[in-house]
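Read through the structure below, which is laid out as structure tokens, and then see the notes.
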Amino acid sequence: MAGGEHGVNGLSEETRAMEEGSRAGGDQAGCENSEQDGGSKSSTNYPMFSVQFVQKLIAEILGTFFLIFAGCAAVAVNKRTGGTVTFPGICITWGLAVMVMVYSVGHISGAHLNPAVSFAFATCGRFPWKQVPAYAAAQVTGSAAASLALRVLFGNAPEHFFGTVPAGSDVQSLVMEFIITFYLMFVVSGVATDNRAIGELAGLAVGATVLLNVLFAGYTS
């Protein structure tokens with residue numbers, strides 16, 4: 001009898017322990033869910049113009065500035081020195097500039113560096129729509145500041161013009177621009193929005209895509 005009572009008491013104690021454990025687990029899960037809900041609510045109600053958001057805008061301004069400055073400076077130096085940079089050198093400069101900026105400011109702002117990228121991410125649900133205008137304004141500000149800096153450094157002589165003039169017809173240039181833009185956004189979306197992609201190689205993939213686009217379409221369009 002004593003052994004039977006001890007066995008029954010032991011079984012009941014184990015049962016109570018299991019019930020208490022399940023209740024504790026349920027309470028912990030409830031706390032975790034409430035924390036997650038609170039985190040999502042706080043991120044949703046997070047003010048737009050916060051310190052972190054200003055840091056993102058500054059990163060976009062600087063990233064776009066250095067990108068445009070490096071790429072267009074390569075064109076200006078190539079014209080001023082009689083082709084020492086060469087066309088492949090210009091292509092490599094653009095690709096390297098994109099790659100360096102992605103790795104430099106990508107962890108801060110995402111390194112969009114282009115309003116088209118911000119708009120594409122917003123349509124995919126990877127970027128809030130309300131931040132698109134601010135990002136676009138920051139990118140335009142950076143690119144305009146880079147162009148102004150190049151004009152101050154090299155002057156406004158026609159032979160130092162660092163823009164591009166299409167060599168083909170208007171229709172040919174339009175089609176070529178459509179194809180290379182789709183190509184670029186396809187790669188950006190693939191390496192930046194898919195969790196199965198290797199994120200560490202995003203800068204290399206995007207930079208190589210820009211290099212290829214300039215290499216085979218820069219002269220035409």
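Kindly indicate which of GLY89, GLY106 is in the same structural domain as ALA59 (by TED's automatic domain parsing) and farther than 16 Å from GLY63 by Cβ.
When all the criteria are applied, what remains is GLY89.
Kindly list the number of the only condition in (1) assigned to a helix (DSSP H, G or I); (2) more than 16 Å from the chain's Cα centre (by Cα) that fails for ALA136.
Among (1) assigned to a helix (DSSP H, G or I); (2) more than 16 Å from the chain's Cα centre (by Cα), the lone unmet condition for ALA136 is (2).
Results for (1) surrounded by fewer than 20 Cβ atoms within 10 Å (Cβ to Cβ); (2) assigned to a helix (DSSP H, G or I); (3) under 15 Å from the mean Cα position of the chain (by Cα), shown as yes or no for each residue.
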| site | (1), (2), (3) |
| --- | --- |
| LEU62 | yes, yes, yes |
| ALA70 | yes, yes, no |
| PRO88 | yes, yes, no |
| THR93 | no, yes, no |
| ALA97 | no, yes, yes |
| VAL100 | yes, yes, yes |
| VAL105 | no, yes, yes |
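Please go through the range 168-183 and pick out each residue that is surrounded by 11 or more Cβ atoms within 10 Å (Cβ to Cβ) and of a type in the set (Asp, Glu).
GLU177, the sole residue that qualifies.
Restricting the first residue to the range 162-173 and requiring it to be in the same structural domain as GLY83 (by TED's automatic domain parsing), which pairs with a second residue that is exposed (fewer than 11 other Cβ atoms within 10 Å of the Cβ) meet a Cβ separation below 8 Å and a spacing of at least six or different chains?
Once the first residue is in the same structural domain as GLY83 (by TED's automatic domain parsing) and sits in the range 162-173, no partner that is exposed (fewer than 11 other Cβ atoms within 10 Å of the Cβ) comes close enough.
Can you tell me which of (1) surrounded by fewer than 17 Cβ atoms within 10 Å (Cβ to Cβ); (2) in contact with a Gly (Cβ under 7 Å, 6 or more places away or on another chain); (3) among the small types (Gly, Ala, Ser); (4) modelled with pLDDT of 80 or more is the one GLY190 doesn't meet?
(2)
Taking only pairs six or more apart or across chains, which ones have beta-carbon atoms under 6 Å, a first residue in the range 69-87 that is free of Cβ contacts under 8 Å to residues at least 24 places away in the same chain and farther than 22 Å from MET101 by Cα, and a second residue that is part of a loop (DSSP other than H, G, I, E, B) and not aromatic (Phe, Trp, Tyr)?
If the second residue must be part of a loop (DSSP other than H, G, I, E, B) and not aromatic (Phe, Trp, Tyr), the pairs left are ASN78/VAL85.
Working carefully through the options ALA116, ALA146, find the one that is buried (at least 16 other Cβ atoms within 10 Å of the Cβ) and within 19 Å of THR64 (Cα to Cα).
Unique residue meeting the criteria: ALA146.
The values are calculated or read from the model by the stated rules, or taken from the named source; none is laboratory data. Note that the structure is a prediction, hence the values are computed from the model and not measured. Positions of Cβ are generated from backbone atoms using ideal geometry, with glycine treated the same way; all protein chains shown enter the neighbour counts.
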